[in-house]
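Quick notes on the structure that follows.
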Amino acid sequence: KSLGITSETVEKNVYIQEVDGSSSVKNLEITLLKVDGNDMTVRLDGVTFELWTYSKEEGWRKQDKDPLTTKEGGKIQLINGQNVSVDYNIWYALKETEAKEGYLPTEPVYFYIPKTGTASPEKPQTGLDSKPFTEGQCISAEGELRINNVTPGFTLEKRDADTDQAIYDAGFTLYSDA
């Protein structure tokens, strides 16, 4: 059905967004799943996050909501209008503020929720750490965002200074200044 609007009668850009009767974005629910980076079947509960929102005008801003903590099974449901405020084509960052004991906190995870038929949002210039923004994920509404955690560790090897060959059966003693 024609609305009687022609290109001659529209003088400014008009943006139309799907909304429900309460004027909030519909059906945006994301499942966050926190897992062990070495064994994806191990799910991590008790991990706490903050959700940050990006706008070109204000940069990164922490949402004024309660912290998000994974429950049993390593899951958090991010539900628009309940524990988060999310919209289509806006960049978000999940910043881990409390890691599970024995694990290192992950770097912030960046994502946006695409709206069908629209262009991707412009990437932020920097991440939460003020370093150049490198990558983010596109996840669907009602999608799942998997975040891997790793346990701390390192590899120590001794090499011959002249030949750069590995020296096996070398002994090491580690000290801590703590």
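The values are calculated or read from the model by the stated rules, or taken from the named source; none is laboratory data. Keep in mind the model is a prediction, meaning the values are calculated, not measured. A quick note on method: Cβ atoms are made from the backbone with ideal geometry, for glycine too, and the neighbour counts reach across all protein chains shown. Side chains included, ligands, DNA and RNA excluded: accessible areas come from the protein's heavy atoms. Shrake-Rupley method; radii C 1.70, N 1.55, O 1.52, S 1.80 Å.
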request  = Only residues in the range 166-178 that are in contact (Cβ under 8 Å) with a residue 40 or more places away in the chain count as the first member; pair them with residues that are among the polar types (S, T, N, Q), Cβ under 6 angstrom, at least 6 apart or cross-chain, and list the lot.
outcome  = none
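Here is a check on your reading of the model: is Tyr88 modelled with pLDDT of 90 or more and hydroxyl-bearing (Ser, Thr, Tyr)? Break it down stepwise before answering.
Numbers: modelled with pLDDT of 90 or more: no; hydroxyl-bearing (Ser, Thr, Tyr): yes.
Spelling it out, it is not the case that Tyr88 is modelled with pLDDT of 90 or more and hydroxyl-bearing (Ser, Thr, Tyr).
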key: Gln17 vs. criteria under 27 Å from Glu135 (Cβ atoms), open to solvent by 40 Å² or more (accessible area, probe 1.4 Å), at pLDDT below 90 and not β-branched (Val, Ile, Thr)   = yes
inquiry  = Looking only at residues that are open to solvent by 30 Å² or more (accessible area, probe 1.4 Å) and of a type in the set (A, V, I, L, M) in the range 103-135, which one is farthest from Lys34 (Cα to Cα)?
reply    = Ala119
note = Taking first residues from the range 117-135 that are aliphatic (A, V, I, L, M) and second residues anywhere that are part of a loop (DSSP other than H, G, I, E, B), the pairs with Cβ under 7 Å that are 6 or more apart or on different chains are Leu128/Pro108
ask   = So, of the residues in the range 50-93 that are in contact with a Pro (Cβ under 7 Å, 6 or more places away or on another chain) and within 17 Å of Ile147 (Cβ to Cβ), which turns out to be most open to solvent (accessible area, probe 1.4 Å)?
value = Glu50
